[in-house]
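Some notes on the structure that comes next.
The values are calculated or read from the model by the stated rules, or taken from the named source; none is laboratory data. These numbers were taken from a predicted model, which means no experiment stands behind them. Here Cβ is always computed from backbone atoms with ideal geometry, including for glycine, and neighbour counts include all displayed protein chains.
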Amino acid sequence: MMLRVLLRKEILLEMRSREILVSMITFGAAVVLLYAFSFRPSPEILRQFAPGLLWTVVLFVSVLALHRSHSLEKEFDAFSLTLSAPVDRSTLFLSKWFGNFLMLLISQVILLPLFFLFLQLPFPSMPGAFIGLLILVDLGISSAGSLLSGAVMRARVNEFLLPLLLFPMVTPLMISAVKSTAAVMESQPFSQWKLWLQLIVSFIIVFGLVGYLIYDHVCEE
């Protein structure tokens, strides 16, 4: 019940300001256009680079959502007021996690068609596997990012610290995402990229559990 209330608060806060979604979509579209006008290789070479380009866009866009999810509440010390409420800190982490996940997923609904359209790439022939992969990797980025965003929220240069800490942390996830996406786009059998999917799921479980267990200490001053 409390998780639903907190998640509703996260969504309403964004719907009223629209700062996060607008900035994510604008920045992501700019990066996609930059890719489209900068790279003019053969279609075969572009397909090889497409998974890496896709997840680079997603990672850059996710930083905006992860940073703003805590910085908005930092104003007027609203986050401290939330902490003083009778709310379990683990539930607060879950609300941040799923709130950031939703923002990332909504932005991808708009950015992915632009990505495939401007780069003139065919949509993967295994759409179910591709969409499922997107959801899992988004969960992984959001879990690690929500934990880090809460940890650096009160730092003076938190907008610089977050990407500096996040990018190395999610490197295993990004490698697995690129390898899995490449396999899906090439319609490879599941047995050939099963290991990468297992690494993605393991990443989600580890950082989800770590965030759930230690967020009480992370969000303290």
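Go through region 13-30 and give me each residue that's touching a helix residue (DSSP H, G or I) at 6+ places or on another chain (Cβ under 8 Å), surrounded by fewer than 17 Cβ atoms within 10 Å (Cβ to Cβ) and at pLDDT 70 or above.
Within region 13-30, Glu19, Ser23 meet the criteria.
Taking Ile175 as meeting all but one of (1) touching a helix residue (DSSP H, G or I) at 6+ places or on another chain (Cβ under 7 Å); (2) surrounded by 14 or more Cβ atoms within 10 Å (Cβ to Cβ), write down the number of the exception.
The failed condition is (1).
Can you pull out the residues in region 194-221 that are part of a helix (DSSP H, G or I) and of a type in the set (D, E, K, R)?
Within region 194-221, Lys194, Asp216 meet the criteria.
Quick one: which residue in Asp138, Asp216 is under 25 Å from Leu94 (Cβ atoms) and touching a Lys or Arg at 6+ places or on another chain (Cβ under 6 Å)?
Asp216
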